[in-house]
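The values are calculated or read from the model by the stated rules, or taken from the named source; none is laboratory data. Here the structure is a predicted model, which means the values were calculated and not measured. Here the Cβ positions follow ideal geometry from the backbone for every residue, glycine too, while neighbour counts run over all protein chains shown. Ligands, DNA and RNA are stripped out before the accessible areas are found, and what is left, the full protein with its side chains, is counted by its heavy atoms. Shrake-Rupley method; radii C 1.70, N 1.55, O 1.52, S 1.80 Å.
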Amino acid sequence: MARVMTVTGAIGAEALGHCQLHEHLFVSRGPATDAFPALLIDDEARSTAELARYRAAGGDALLDAQPGGAGRNAQALRRMSAASCVKIIAVTGFHLPMFYRADSFFFQADEDALYERFARELNEGIQDEPGSEKVRAGAVKAALGAKGCAGRTAVLLRAAARAAAAHKGVPLILHTDRGAGAPEALTLCAACGLPERRVVVCHADRQAGDRAPHEAIARAGAMLGYDTIGRFKYHGDAAELTLIRHMIGLGYAGRLLLSLDTTRERLSSYGGSIGLTYLLETFLPLLRAGGIRAEDIDLMTTGNARRLFEA
């Protein structure tokens with residue numbers, strides 16, 4: 001039986017239930033939040049209230065996609081999970097350079113040292129954040145910047161891919177800019193021993209018109225994290241529905257995962273525009289009304305996440 005490591009301990013993959021695999025529920029102050037205040041999500045009470053509403057709407061689990069050194073607070077996630085009864089998966093790995101100070105370990109360490117850090121957070125627990133409770137990461141985050149897999153990003157990505165590959169059932173969550181650089185990243189991950197089926201390519205749906213990148217990623221065997229739902233600065237829900245219908249029509253329902261990629265400006269407990277329940281209460285009914293079959297909706301919200309951790 002496959003196991004998933006959450007911030008309160010390991011659970012069976014079948015216990016995930018409805019799972020949104022790319023959210024942000026707590027982000028501490030740092031260089032990126034100073035530059036972009038919408039990224040700051042640092043009120044534990046408000047975030048817990050957001051989770052409680054998510055749980056009441058039918059949400060069972062989620063992945064908080066903020067890695068170490070970039071504003072993650074694993075102890076806050078643990079407390080929030082216990083208070084709300086929502087299962088939370090924390091991530092190790094790395095984010096875009098804007099989240100780190102110039103002298104960060106992530107800019108200085110070699111590949112082996114980075115790998116050792118990521119593997120330690122998966123195996124032993126997160127040790128460089130306040131709090132005494134043992135919290136282990138359950139997935140690895142990686143981020144492609146404007147230069148794709150070149151330079152420092154290649155070093156970081158190899159370390160992240162190696163860490164995921166070395167741990168059965170641990171996926172890699174890959175930030176991209178509209179899917180750019182994903183084919184090269186998947187090739188690099190495969191060379192590190194991480195099969196494409198354990199990589200979730202995020203944010204490709206920030207553009208929904210050109211289907212070719214979506215089809216190529218799915219054809220390669222990777223998962224597509226569709227997380228631009230309710231992000232109206234990119235496009236409306238109708239465009240997202242059309243894209244999802246197209247991908248399902250090609251037989252890729254088993255490659256799609258749905259989430260919201262929440263920010264402060266879109267969390268209702270912070271006065272934001274939609275809230276963590278938007279997928280459950282608004283977008284899934286839109287899918288049903290748009291002719292998406294119940295079994296495909298179940299795959300995209302439950303079955304595919306469970307299968308990802310069983311891989």
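GluC sites (Glu not before Pro) within the stretch 51-141: which are DSSP loop residues with at most 16 other Cβ atoms inside 10 Å? Spell out each step's value before the answer.
Working: sites: GLU111, GLU116, GLU121, GLU124, GLU133; in loops: GLU124, GLU133.
Those that pass, being in a loop and sparsely packed, are GLU124, GLU133.
Given R₀ = 35 Å, FRET efficiency for ARG288-PHE36 by Cβ-Cβ distance, to 0.05? Write down the numbers at each step before the final one.
Working: r = 35 Å, r/R0 = 0.99.
Step by step, r from the Cβ atoms, then E = 0.50.
Just to be sure I follow the rule: in the chain, considering lysines 8 or more places apart or on different chains, how many pairs have Cα atoms under 22 Å apart? Please report the intermediate quantities before stating the final value.
Details: LYS87/LYS134; LYS87/LYS141; LYS87/LYS168; LYS134/LYS168; LYS141/LYS168.
So the count works out to 5.
Here are several values of Rg/Rh (Cα atoms, Kirkwood Rh): (i) 0.93; (ii) 0.98; (iii) 1.06. Which one was derived from the coordinates shown?
Recomputing Rg/Rh (Cα atoms, Kirkwood Rh) here picks out (i).
What's the extension gain from ASP103 to ALA10 if we count 0.36 nm per residue and subtract their Cα-Cα distance? Please report the intermediate quantities before stating the final value.
Working: separation 93, 0.36 × 93 = 33.48 nm, distance 3.43 nm.
Additional length available on full extension: 30.1 nm.
What accessible area per residue, rounded to a whole number of Å², is obtained for the stretch 121-197 using a probe radius of 1.4 Å? Intermediate results must be reported in sequence, preceding the final value.
Details: 3200 Å² over 77 residues.
Heavy-atom SASA per residue in the stretch 121-197 reads 42 Å².
Shape verdict for the stretch 57-215, please, from the Cα gyration tensor: rounded (a/c under 1.5), prolate (a/b greater than b/c) or oblate.
Details: a/c = 1.66, a/b = 1.23, b/c = 1.35.
It comes out oblate by the Cα gyration axes.
In terms of solvent-accessible area of protein heavy atoms at a 1.4 angstrom probe, what is the ranking of ASP210, ASP64, highest value first? Please report the intermediate quantities before stating the final value.
Numbers: ASP210 80, ASP64 0 Å².
Most to least solvent-accessible, the answer reads ASP210, ASP64.
For the chain, set up a Gaussian network in which alpha carbons nearer than 10 Å are linked by springs, and say which option among GLY193, GLY275, GLY93 fluctuates the most.
Of GLY193, GLY275, GLY93, the Gaussian network model singles out GLY193 as fluctuating most.
Tell me, how many Å apart are the Cα centres for the stretch 216-292 and for the stretch 1-47?
18 Å
Over the stretch 92-183, what is the relative contact order in percent, taking alpha-carbon pairs closer than 8 angstrom and at least six residues apart? Can you show the working numbers first?
Values: 117 pairs, mean separation 30.8, N = 92.
Relative contact order comes out at 34 percent.
Between ARG219 and GLU111, what is the label-to-label distance in nm when each label sits 7 Å out along the Cα-to-Cβ direction?
Roughly 2.9 nm, to one decimal.
5 Å is the cut-off here: which amide hydrogens, built 1.01 Å from N in the peptide plane, fall below it relative to THR262, excluding neighbours closer than 5 in sequence?
HIS24
Would you list MET5, MET247 from the most to the least accessible area, probe 1.4 Å?
Numbers: MET5 40, MET247 0 Å².
Result of the area sort, largest leading: MET5, MET247.
Which order do CYS192, CYS202 take when ranked by solvent-accessible area (1.4 Å probe, heavy atoms of all protein chains), largest first? All intermediate terms of the calculation are to be shown ahead of the outcome.
Numbers: CYS192 30, CYS202 0 Å².
The ranking, largest first, comes out as CYS192, CYS202.
Give the accessible area for LYS87 in Å² (nearest 10); use a 1.4 Å probe, count only protein heavy atoms, and leave out ligands, DNA and RNA.
Rounded to the nearest 10, the figure is 50 Å².
Take every Cα pair under 8 Å in the chain that's 6+ residues apart, average their separations, divide by the length, and report that relative contact order as a whole percent.
Working: 649 pairs, mean separation 60.1, N = 311.
19 percent.
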